[in-house]
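To start, the structure itself, in structure tokens.
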Amino acid sequence: MSTVTCVAPVNIAVVKYWGKRDETLILPVNDSISATLDTEQQCAKTTVMASPNFKEDCIWLNGQKEDIRNPRLQNCLAEFRKRAGNISHIGQWKIHICSENNFPTAAGLASSAAGYACLVAALAKLYNIEGDISSIARVGSGSACRSVLGGFVKWCMGSLSDGTDSIIKQIVPATHWPEMRVLILVVDKGKKKVPSSIGMKRTMETSDLIKHRIKHVVPDRVNKMEQAIIKKDFKTFAEHTMKDSNQMHAVCLDSYPPVIYMNEISYALIDLVHLYNEAVNDTKVAYTFDAGPNATLYLLEENVPEFVGVLDYFFPPLENTLVEYRKGLPIEAVTPSQSLLNKINVEQQSPGRLKYILYTKIGDGPKILEDSKYHLLNKEGFPI
Ligand code: DP6
């Protein structure tokens, strides 16, 4: 019997992956760039166990037994068993997998990215497989390949049909830009309406705008974004982050039937960020949205107290809920001046429009948890 437990991070793209050139190998139509978030605040945790006594492969996700025949999961397992075949007898044994997220699943909060990155990191340790595992995470979920490394990560689309040049590289480690902070504003905890894989397929089949995006916008944007990150140029970083999110949602809307992820609260948040930046005469906050209505904001640590004060004013939490409302790192919000509030000409929302906010920072890649107290499976191989 052999057991491994691992945690892996979420990543949030600042240049989005949207569209595949190969549906099975999960190869993208453009390069993308993301930041890996700290596992202390948000992570997937997975235990994998191999035993000659197990009758069949099994998986439990967030306490529920799920179908092991999921094709993407099968692709990952097959690749590991192929690689492990020559090295280890464990490759012949059946496995049990137990995984949980400490944040809502499939709500456009990168849960599949963290989940697959965690699974492959745990299986790599179990089967003692060295070298790049991002390509195995990728066949689970495209964006998962970027969660295999920490800091800021670039996924190069590659051009070969076998996908061998579709690889990730770390632009800088988490320590390069220690002032960078992330606020995740949860508008809706429910499952997303259109899964990203379906949404991006529809975009590839029906959108004209996507052709312009991948040919004329992303190549230059990726270079500028990489340079902005290396130089810690927040203004350029923020501008491209916001424009790229807007363009991803524009190609979604250009799909037919349109793929709609944002809602009126998302749009109100976009307005607030632009009006705040205008009021302070600087670009201090950037928003980005994935396949759902929740916003991720990038901002520097020094600007968090004032911006959260502004957010609390325009998007007030429900009364007496502050403890559950603020998750992650502690925040000391400051009450914004009346003159600043006057300059931000946006409607004050009714309390409770945001479900909660999670404050976090950039972090490292997956980690093995050596101590057996962290295992999610008991000695018999069943969820604890
Ligand atoms: C909107 O990685 O979930 O988050 O490869 O089909 O599993 P599949 O899609 P997925 O797509 C995520 C897209 C995005 C943007 C991004 O993370 O770059």
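The values are calculated or read from the model by the stated rules, or taken from the named source; none is laboratory data. Here the structure is a predicted model, which means the values were calculated and not measured. Note that we place each Cβ from the backbone using ideal geometry, even for glycine, and neighbour counts take in every protein chain shown.
Based on what the data block shows, is Arg213 basic (Lys, Arg) and either assigned to a loop (DSSP other than H, G, I, E, B) or touching a residue at least 60 places away in the same chain (Cβ under 8 Å) (or both)?
Values: basic (Lys, Arg): yes; either assigned to a loop (DSSP other than H, G, I, E, B) or touching a residue at least 60 places away in the same chain (Cβ under 8 Å) (or both): yes.
Yes, satisfied.
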Taking the range 330-339 as the search range and keeping residues that are surrounded by 16 or more Cβ atoms within 10 Å (Cβ to Cβ) and among the hydrophobic types (A, V, I, L, M, F, W, C), which one is modelled with the lowest pLDDT? Ala333
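Please go through the range 235-261 and pick out each residue that is outside any helix (DSSP H, G or I) and of a type in the set (Ser, Thr, Tyr). Can you show your working first?
The initial filter retains those residues of the range 235-261 that are outside any helix (DSSP H, G or I), namely 254-261.
Scanning the range 235-261 gives Ser255, Tyr256, Tyr261.
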Total residues in the range 115-136, condition closer than 14 Å to Arg72 by Cα, touching a Gly at 6+ places or on another chain (Cβ under 9 Å) and in contact (Cβ under 8 Å) with a residue 40 or more places away in the chain: 5
Can you work out which of the residues in the range 100-123 that are at pLDDT 95 or above and more than 13 Å from the chain's Cα centre (by Cα) is surrounded by the most Cβ atoms within 10 Å (Cβ to Cβ)? Val120
Restricting the range 275-294 to residues that are in a loop (DSSP other than H, G, I, E, B) and free of Cβ contacts under 8 Å to residues at least 60 places away in the same chain, the residue that is farthest from the ligand (Cβ to nearest atom): Asn281
Give the residue, chosen from Leu311, Leu358, that is within 22 Å of the chain's Cα centre (by Cα) and of a type in the set (A, V, I, L, M). Leu358
Being over 26 Å from Glu205 (Cα atoms) and among the hydroxyl-bearing types (Ser, Thr, Tyr) is the filter here; which residues of the range 230-258 pass it? Thr236
What number goes with the only condition from (1) among the polar types (S, T, N, Q); (2) within 16 Å of the ligand (Cβ to nearest atom); (3) touching a residue at least 24 places away in the same chain (Cβ under 8 Å); (4) surrounded by fewer than 23 Cβ atoms within 10 Å (Cβ to Cβ) that Ser143 does not pass? (4)
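Okay, residues lined up against (1) of a type in the set (Gly, Ala, Ser); (2) modelled with pLDDT under 95:
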position	(1), (2)
Ala35	yes, no
Thr39	no, no
Glu56	no, no
Glu66	no, yes
